[in-house]
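Input: a single structure, listed below in structure tokens.
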Amino acid sequence: MKKKQHNGSPAEVEAAFYDALNRADVDALMALWADDEEIVCVHPGGTRLLGHRAIRESWELLLEHGGLHILPSQLHEMHNLMSAVHTVVEGATAATGEPQHLVATNVYLKTPKGWRMSVHHVSVAPGPVPTDPPSQVLH
């Protein structure tokens, strides 16, 4: 069976990424990453993971008990012809049942196979879940 190509946009790859996380589908998740061994993933509070093997093993461990149920919001995008950087607020539920939010940076590269993820970096954000976009006041 031929794997679906995500050629349309970085937004399509991002939607497929969060869908795969929610379904705990490691194969679908890893199909979205660039073929380059220089790919990078940093989970909240974790170390920097380099390459397909390390990243795949980390997702297998994180998803072994099911999906993560993460809802991205407040997307901020920066694009050029060959790359895109998205920052999002990830809404999640902690093990305690308390809602929490994470801040993620997702970097996409345009490859011969279409747009692919090259970096996923997530940090736990302090304070309550933001509801309004930040002020546009310049200093």
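The values are calculated or read from the model by the stated rules, or taken from the named source; none is laboratory data. Quick caveat, the model's predicted, so the values are computed rather than measured. Quick reminder, even Gly has a Cβ in these numbers, built from the backbone with ideal geometry, and neighbours come from all protein chains shown.
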Checked the range 110-124 for anything in contact with a helix residue (DSSP H, G or I) (Cβ under 9 Å, 6 or more places away or on another chain) and not charged (D, E, K, R); matches are 114, 115, 117, 120
Of (1) crowded, with 18+ Cβ neighbours inside 10 Å; (2) without any contact (Cβ under 8 Å) to a residue 24 or more places away in the chain, residue 50 satisfies every one except (1)
Reported set for the range 111-120 where residues are crowded, with 17+ Cβ neighbours inside 10 Å and among the charged types (D, E, K, R) is 116
The correct count of residues that are loosely packed, with under 14 Cβ neighbours inside 10 Å and modelled with pLDDT of 90 or more in the range 80-101 is 3
